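Below: one structure, written as structure tokens.
Read-outs throughout are calculated quantities, based only on the coordinates presented, and are distinct from any laboratory measurement. As the structure is a computational prediction, the values presented were derived from the model and not from experiment. Positions of Cβ are generated from backbone atoms using ideal geometry, with glycine treated the same way; all protein chains shown enter the neighbour counts.
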Amino acid sequence: MDLIDRLLRGDRRALARAISQVENGDPQARDILRRLYSYTGRAHIIGVTGAPGSGKSTLVNALAQEYRAHRITVGVVAVDPTSPFTGGALLGDRVRMRDLAGDTGVFIRSMASRGCLGGLARTTAEVVLLLDAAGFQRILVETVGVGQAEVEIARAAHTTLVVQAPGMGDEVQAIKAGILEIADIFVINKADQDGVERTEAALRMTLEVSELPSHHGRRQTIAKAQVPSRDWIPPILRTISTRREGAAALMDAIEQHAAYLHESGRWREREHLRAAFGLQELLREELIARLMAQLPPELIEAQVQQMITRTIDPYTAVNALLAAASPLAAVEANK
Ligand SMILES: Nc1nc2c(ncn2[C@@H]2O[C@H](COP(=O)(O)OP(=O)(O)O)[C@@H](O)[C@H]2O)c(=O)[nH]1
Ligand SMILES: [Mg+2]
């Protein structure tokens, strides 16, 4: 039986191998993803984002156990910026290993954020596809919550959890622009620690009067209460992940969000966005790769040299390179 068939039957070794191939940018990976794509689209993808140390890994572990208690299978992708590519698992991962060891209904993969060929967001999305094809019903994606790639990964989820912890400095600061807009559920973890009330109050205040851009380019202040009732209002939940407290309520909220997405038609909308975004990314990458394959490095260097001496401007340089590459590419995009 080949790798694809084994992976579709949930064979863990086949899945692990396919993931490695995706991470390493193996030429076979693309073929695997091509053949598996029609078997994907069944999993509920849940992004978990927040500052380092807020307890995301511990929370994911607690959630995974909660799902397993309900016989729901779980795949976990942890995007870890600190561990080296082949490196050792962090504390959170070791805790996960211990609690979930030997359970075939769980599959955990930590990925280093540096060294991924083809970009972190795409590699993560591809690993999620593999877990989806392997039949995992929920896929938890843990990211750090800083930087554009992290926001993109969270955006690729159906449901995004934003995790905060008390006593981690300026709470309002932690709720960065962009994070607020991607949050479907807020989790205040470490609810056993001092300052949990203050953290929640700060979060509520930010949510109640949140600034949203209007359609006319002006910024408009609207109260969340004015949002039509069919819309989802992100709940704020407290957890103590180290004791698994609040995990059941969090799982319920996630399931409610999935139900909301289906009933409101938003699931379809998100799938449409995900597909359109994925297509655009791939197209961009593919175009660049094909273009670079056609252009001699000396020609590019010559443009750079002329730019340095201000003999030409970058726009003219780009046009010259595109003209040299192919008749199709020579057509200026904005003419
Ligand atoms: N007191 C307390 N500590 C927690 C809780 N959740 C996680 N931690 C601890 O916080 C530290 C960081 O947790 P981790 O899950 O690795 O955070 P991450 O960096 O966001 O993934 C670890 O020492 C955890 O044991 C909690 O609910 N209460
Ligand atoms: Mg972690």
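Applied to the range 62-68, the Karplus parametrisation 6.51 cos²θ - 1.76 cosθ + 1.60 on θ = phi - 60° returns per-residue 3J(HN,Hα) values of 5, 5, 4, 5, 4, 4, 5 Hz, with x for Gly and Pro.
Length gained on full extension, E269 to D194: 23.0 nm, using 0.36 nm per residue less the C-alpha separation. Highest average first, the peptides 63-73, 123-133 ordered by how many other beta carbon atoms sit within 10 Å of their residues are 123-133, 63-73. If you bin all the Cα-Cα distances of the range 42-83 at 10 Å, starting from zero, the percentages per bin are 24, 54, 20, 2. Taking amide H positions as modeled 1.01 Å from N, with prolines and chain starts lacking one, the residues under 5 Å from I108 and 5 or more places away or on another chain are V76. Taking 1.306 mPa s as the viscosity and 10 °C as the temperature, the Stokes-Einstein diffusion coefficient of the range 253-326 based on its alpha-carbon Kirkwood radius rounds to 101 µm²/s. With the highest mean first, a sort of the peptides 305-314, 258-267 on other beta-carbon atoms found within 10 angstrom per residue produces 258-267, 305-314. For V163, the residues 5 or more places off, or on other chains, whose built amide H falls under 5 Å of its own are T49, G50, V187.
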